[in-house]
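Undergrad: This structure is in structure tokens; I'll ask about it shortly.
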Amino acid sequence: MVARTVLDAQDIDRAIVRISHEIVESNHGTENLLLLGIPTRGVYLAERIAYSIQKNYPEFKQETSVGRLDVTMFRDDLASNPTKAVTATNIPTNDLSEITVVLVDDVLFSGRTVRAALDALVSYGRPKAVRLAVLVDRGHRELPIRADFVGKNLPTSTHERISVRLSESDGEQGVVIEQ
Amino acid sequence: MKHLLSINDLSKEAAIELLNLAVEMQQVNTRDIKKLPALTGRTVANLFFEDSTRTRISFELAARRLSADVINFSAKGSSVSKGESLKDTVQTLEAMGVEALIVRHNHSGAVNTIANSDWSKAVVINAGDGTHEHPTQALLDSLTIRQRVSGLDNKGDLSGLSVLVVGDILHSRVARSNLFLLRKLGATLAVCAPSTLIPSTIANYCDEVYFDFDEALSNRFDVVMMLRIQSERMNSAFMPNSSEYSFGWGLGDSRFSKLTKNTLVMHPGPMNRGLEISSKAADSNQSAILDQVTNGVAVRMAVLYKLLAQEKKND
């Protein structure tokens, strides 16, 4: 298997800082902003983006502005795929009606995970708006979904594998294409 | 695991995984929109040959909260009263495309018979068979204990816990499933009942046996689990009369007041108030009886999800 590193540790850190600024810019500040990571790696990315926002905008409180959204039970391939374990969902607010939610995931591919996340989210309430932030957009969408904040656009072929490694889950950091 | 017929179908790890999944399901039950799409388009049937309130409603609610279609079948008012056999009943449901059969039957082993037959390809879940087992009740009891008894790992087993099970051990499928599961999860078990209501093989399933309730209560237990007196399965050879039973083995007001304040009181329901448990004990804040009912829905959602959504590839 040939593996090629497309983003190294510093590239990922810079992308996260840039995305955090873009999110605050498009939201006109940090008010009513909620970051929700999609397990597994989206959760770590959401926490890092939140950390980066808090560093620049101290009024942004990580404890109440970042959570996680498990989408396993909303997937459309439940019946045909052996599924992953269900993990916790934590949304640190009861009322989403004034909130802009930013969904965070590591790789945007077919768009089906995001579709499941949208369904999961509306079962909790009706957010004011929903945005999508991803570290890597690799193309090959199967649904009309696009990301608002992208770390890197990475044109790939469908037989390639994109592997995102983060220090929290993998002990090392980098985005690798394997074929 | 295709079916859930007995607690012995579950390894310790699988049981803990189900309890942890139930915790996530419980969270759904506290939201405004109490619904998940996981079993959309799947059909499950409640097949009840014996009366039930809690178990049937809770399975029905669990299936509906996962978006499954539910058929309720009870033997009363069906063709069973015209003499239709178990096999024909099951095959009729199979022919209509039912994918899961939740079965309660008054004969021990009837559920196993369905699962091990070639009558149906459906997943079979035991909702209580005769005096054999009632696995989802044991799971919801362990979930309740893990929530309510302090000092337990809320993602782990029940090691270090002491439980006293009191009452009709001989006829109780709830007791049997609970003894199996609690022991699997590492709890220390004691039982207490009149000698006529204790099975001869009890030493294989628990650590201590008491015939005197007051003697048992001279020890401290984290949980005291009362069982229903199953008058439908008994005659007068088992106990002289109900007031004598209540005097000797009921959790009355005076015995209840002697319990330490953090001992949890449980009862699987339906209760015979004044017989095996007094209203003071049942309605106190040491009682977990309504928590048990609440947790029943979450545990049954976890079981249905596990068997219907996660295990489909393996059949």
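No value in this document is a laboratory result; all are computed from the given coordinates. On a predicted model such as this, the values are computed, not experimentally measured, just so you know. All Cβ positions, even for glycine, are placed from backbone atoms using ideal geometry, and neighbour counts span all protein chains on display.
Undergrad: Would you kindly state how much longer the chain becomes between B:LYS87 and B:SER108 on full extension, computed as 0.36 nm times their sequence separation minus their alpha carbon distance, in nm to one decimal?
TA: On the way: separation 21, 0.36 × 21 = 7.56 nm, distance 1.59 nm.
Result: 6.0 nm gained on full extension.
Undergrad: Continuing with the same structure: With unit charges on the beta carbons (Lys and Arg positive, Asp and Glu negative) and the dipole taken about the Cα centre of the range B:1-66, which residue among B:SER6, B:SER52, B:ALA63 sits farthest to the positive side?
TA: Checked the options; the winner is B:ALA63.
Undergrad: Please average, across the residues of B:81-88, the number of beta carbons from any other chain that are within 10 Å of each residue's own beta carbon, and give a whole number. Please report the intermediate quantities before stating the final value.
TA: Details: counts 0, 0, 0, 0, 0, 0, 0, 0.
Other-chain Cβ atoms within 10 Å of each residue's Cβ, averaged: 0.
Undergrad: Label A:VAL2 and B:SER284 with points 7 Å out from Cα along Cα→Cβ: what is the distance between them in nm?
TA: 7.4
Undergrad: For the range B:38-116, state what percent of all Cα-Cα pairs lands in each successive 5 Å bin, counting from 0 Å until the bin that includes the largest distance.
TA: Final binned percentages: 3, 15, 27, 26, 20, 9, 2, 0.
Undergrad: Within the range B:202-262, list the trypsin sites (Lys or Arg not before Pro) lying in a DSSP loop whose Cβ has at most 14 other Cβ atoms in a 10 Å radius.
TA: Working: sites: B:ARG220, B:ARG228, B:ARG233, B:ARG255, B:LYS258, B:LYS261; in loops: B:ARG220, B:ARG228, B:LYS261.
Passing both the DSSP loop test and the Cβ count: B:ARG220, B:LYS261.
Undergrad: Next question. Which cross-chain or sequence-distant (5 or more) residues have an amide H under 5 Å from the amide H of B:THR188, H modelled 1.01 Å from N in plane?
TA: Residues meeting the criterion, in which the H sits 1.01 Å from N, are B:GLY160, B:LEU161, B:SER162, B:VAL163.
Undergrad: Once Rh for the range A:96-179 is found with the Kirkwood sum over Cα pairs, what is the Stokes-Einstein diffusion coefficient at 37 °C and 0.692 mPa s, in µm²/s? Mind showing how you got there, number by number?
TA: Values: Rh = 13.9 Å.
My calculation gives 236 µm²/s for D.
Undergrad: Would you mind classifying the range B:1-136 by shape? Square roots of the alpha carbon gyration tensor eigenvalues, ordered a ≥ b ≥ c; an a/c under 1.5 is rounded, otherwise it is prolate if a/b is larger than b/c and oblate if not. List each step's numbers first, then the result.
TA: Values: a/c = 1.78, a/b = 1.38, b/c = 1.29.
It comes out prolate by the Cα gyration axes.
Undergrad: Also, I was wondering about something else. Give me a single rounded figure for B:28-38: the average over its residues of other chain Cβ atoms within 10 Å of their Cβ. Write down the numbers at each step before the final one.
TA: Details: counts 4, 0, 0, 6, 4, 4, 1, 1, 7, 9, 8.
Mean partner shielding for this stretch: 4.
Undergrad: OK, next. With Kirkwood's inverse mean 1/r over C-alpha pairs for Rh, give me the Rg to Rh ratio of the range B:73-122, two decimals please.
TA: Values: Rg = 10.5 Å, Rh = 11.3 Å.
Radius of gyration over Kirkwood radius for the range B:73-122 works out to 0.92.
Undergrad: When A:HIS21, B:HIS267, B:HIS132, B:HIS105 are ordered from fewest to most other Cβ atoms inside 10 Å of their Cβ, what list results? Please report the intermediate quantities before stating the final value.
TA: Values: A:HIS21 14, B:HIS267 25, B:HIS132 19, B:HIS105 22.
Fewest-to-most Cβ neighbours within 10 Å comes out as A:HIS21, B:HIS132, B:HIS105, B:HIS267.
Undergrad: Can you pull the mean other chain C-beta count within 10 Å for peptide B:11-20?
TA: Values: counts 0, 0, 0, 0, 0, 0, 2, 0, 0, 4.
Neighbouring Cβ atoms belonging to other protein chains average 1 per residue here.
Undergrad: Let me ask you something else. Report, for chain B, the % of DSSP beta bridges that are antiparallel, rounded to 5. Intermediate values should be presented prior to the final figure.
TA: Values: 1 of 36 bridges.
Around 5 percent antiparallel, to the nearest 5.
Undergrad: If you don't mind, there's one more thing I want to ask. Shape call for the range B:1-62 from the C-alpha gyration tensor, a ≥ b ≥ c root eigenvalues: rounded (a/c under 1.5), prolate (a/b greater than b/c) or oblate?
TA: Details: a/c = 1.63, a/b = 1.06, b/c = 1.54.
Cα axes put the range B:1-62 in the oblate bin.
Undergrad: Related question: Indicate the gyration tensor shape class of the range B:199-261 (rounded, prolate or oblate), computed on the Cα atoms with a ≥ b ≥ c the square roots of the eigenvalues: a/c under 1.5 is rounded; otherwise a/b larger than b/c is prolate and the rest oblate.
TA: Working: a/c = 2.14, a/b = 1.22, b/c = 1.75.
Because a/c hits 1.5 or more and a/b fails to exceed b/c, the range B:199-261 counts as oblate.
Undergrad: How many percent of DSSP beta bridges within the protein assembly as shown run antiparallel, rounded to 5? Each step should come with its number before you reach the end.
TA: Values: 11 of 66 bridges.
That works out to approximately 15 percent antiparallel.
Undergrad: Run the numbers for A:HIS28 and A:GLU172: contour at 0.36 nm per residue of separation, minus the present Cα-Cα distance, in nm. Don't skip to the answer; put the middle values down first.
TA: Numbers: separation 144, 0.36 × 144 = 51.84 nm, distance 3.41 nm.
Using 0.36 nm per residue and subtracting the Cα-Cα distance, I get 48.4 nm.
Undergrad: What order do you get for A:141-150, A:72-81, B:61-70 when each peptide is scored by the mean count of other beta carbon atoms within 10 Å, highest first? It would help to have the intermediate numbers written out before the result.
TA: Values: A:141-150: 14.8, A:72-81: 17.3, B:61-70: 20.3.
The densest-packed peptide leads the list: B:61-70, A:72-81, A:141-150.
Undergrad: Percent relative contact order of chain B, based on C-alpha pairs within less than 8 angstrom and at least six residues apart? Before the final figure, lay out each step's value.
TA: On the way: 573 pairs, mean separation 65.3, N = 315.
For chain B, the relative contact order is 21 percent.
Undergrad: Compute the relative contact order of the range A:33-179 as a whole-number percentage, counting only Cα pairs closer than 8 Å that sit 6 or more residues apart in sequence. Write down the numbers at each step before the final one.
TA: On the way: 277 pairs, mean separation 31.2, N = 147.
Relative contact order of the range A:33-179: 21 percent.
Undergrad: For A:LEU36, which sequence-distant residues (separation of 5 or more, or a different chain) have an amide H within less than 5 Å of its own amide H, given hydrogens modelled in the peptide plane?
TA: Close amide H contacts, sequence-distant or interchain: A:GLY67, A:VAL102, A:LEU103, A:VAL104.
Undergrad: Got the relative contact order for the range A:1-120 handy, in percent, Cα pairs under 8 Å and 6 or more residues apart? Please report the intermediate quantities before stating the final value.
TA: Working: 154 pairs, mean separation 36.8, N = 120.
Taking the mean separation of contacting Cα pairs over the length of the range A:1-120, I get 31 percent.
Undergrad: Taking 0.36 nm per intervening residue step and subtracting the Cα-Cα distance, what contour gain separates A:GLN10 from A:SER157 on full extension? The partial results should precede the final answer.
TA: Working: separation 147, 0.36 × 147 = 52.92 nm, distance 2.53 nm.
That works out to 50.4 nm of additional length.
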